[in-house]
Each structure stands twice: as C-alpha cells, then as structure tokens.
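The values are calculated or read from the model by the stated rules, or taken from the named source; none is laboratory data. In this text the structure is predicted, and so the values were computed from the model without any measurement. Here the Cβ positions follow ideal geometry from the backbone for every residue, glycine too, while neighbour counts run over all protein chains shown. We work out accessible area using only protein heavy atoms, side chains counted, and drop any ligands, DNA or RNA first. Shrake-Rupley method; radii C 1.70, N 1.55, O 1.52, S 1.80 Å.
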Amino acid sequence: MRTRIPSVGRRAAVRLRSTDPRRIAAERAASAELEAWRERAIPVMSAPLEADDLVRLLRDCVAALRLDPAIAADFTVTTVHYYRRKDIIDPPDGRTAAARYDIRHVWQIAAARLAGYLGLVTLAEARAAMRGIGASELLAFLAARVVDARARVAVRSATSNAAARPLHAAQVTPNITVDALMISLSGDAWCVVPRDHAAHHSPDAARELVHALAAAFHLDHSS
C-alpha cells in the first residue's frame, strides 16, 4: 500500500537549498531573469494590481521565461479568488472588487503553479513553504522551481526516442552541462544521475537518492 510522505518532511525537502555550484548558478540566473522580467512588466514595484493583472502577469512571466504555457493556461481570476480563500497567497489590501495585490502575490502564484505543475507539493504544502518567508526567499523559491521545470524539459528532450546509453555533457539546465549516466527503469522511465554523484560509490547516498525519488512521487520509500 502506498502512503504519502508527511507534509512537514516534504515541505522541508522543497525548501532545502542545493550545495551544487552548478545548481546554485542556475538558480541565480533564474532569479536574475525573474527580476529583469519584473522590471519590464512591473516597473513600479508598489503599483497596486487587480486580480486580472495577476492572471495577465503570470502568463507573461511564463512566456518570458520560455516555460510550458500549460503552467498558466487555465489560471483565471476565479483561480486567484480560490487561492485567496485557501490562503495560498497573502491576503490582499481591501476586499472583493476593491482588493489590490502586489509583486509578492505574483511571485506566490507563479511559485505555487510551478510547484504543482512539477508535482513537488500540493497547494497546501506550497502555501506552508511560502508562508512567512521574506521577499528574497520567496524569489529564491520561485527561481528554484523555474530551474526544476527547465531541467524536466531538458531531460525529457534528451530521452525522447533514445535507447539506454550513457550521457556525456547532458544539458539539464540552461548553460550548465553535466556528465551523467542515464539509467533505464521499468515503464519506459529514465533516471539521470551525474557521474560525480555520491550514489555511484556510497550505498547510503544511493538510498538517499531512492528516498528523494519516492518523495518526488509523494510515496513512502518502503512501499
């Protein structure tokens, strides 16, 4: 029987920052892209935004960062109101039609949508991960999810119509190459593991990798 990993553990896993210098560089680059987009789309950070502005800005942000349009395709004003009721985003200033939002709400909806798209957390867990954190932490959380989304696309592209084989200098994040081994799994699935990963020579590290994979699928590793 499959059971869900406790939300506290999964939330901590999502918020854990990588120590891989390549990953850190990719997240910093994503943060810079997000800030550059913000300067173009919302030049005055204190400008009040309405619910339909959030919808428009989310779609524009996804397009500007060249992410999957599906992330924002079904996001509407109704979704904004739902996120408000479920406390996925911070309360806006004012109520009902007079409600006004700001850039923090834009980062929150983008992070929640990406986390859900990637299957990393539920909306409730995304809310908990973003609750009470500062603006820089929120942007870092979103940048990490942008890197995750791009890595997924890169890996899917690399494995499309491919036979099982080692990968040399596989492009898994923008401007970052990784010497990796692509492992064929059951059900036409693949796992890409960098050749310098500790799992190649440490049983404990290999077990941690298995646990991390189980967590990504919201499963108990013992199932």
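Measure off, as a whole percent, the carbon and sulfur share of the 1.4 Å-probe accessible area of segment 61-129, all protein chains present.
Solvent-exposed carbon and sulfur of segment 61-129 make up 54 percent of the total.
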Which order do the peptides 86-94, 39-47, 122-130 come out in when sorted by mean C-beta neighbours inside 10 angstrom, highest first?
122-130, 86-94, 39-47
Under the rule of at least 5 residues apart or a separate chain, name every residue whose amide H is placed under 5 Å from the amide H of residue 192.
183
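Test of the criteria: in segment 42-78, which trypsin sites (Lys or Arg not before Pro) are in a DSSP loop and have at most 15 other Cβ atoms within 10 angstrom of their Cβ?
Details: sites: 56, 59, 66; in loops: 66.
Here the trypsin sites (Lys or Arg not before Pro) that fit, given the DSSP loop and packing criteria, are 66.
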Per residue, in Å², the accessible surface of segment 64-159 once ligands and nucleic acids are set aside, probe 1.4 Å:
44 Å²
Cβ-based charge dipole, segment 22-70, positive-most Cα from 58, 31, 41:
31
All alpha-carbon distances of segment 36-127, grouped into 5 Å bins from 0, give the whole-percent distribution 3, 14, 27, 26, 19, 10, 2
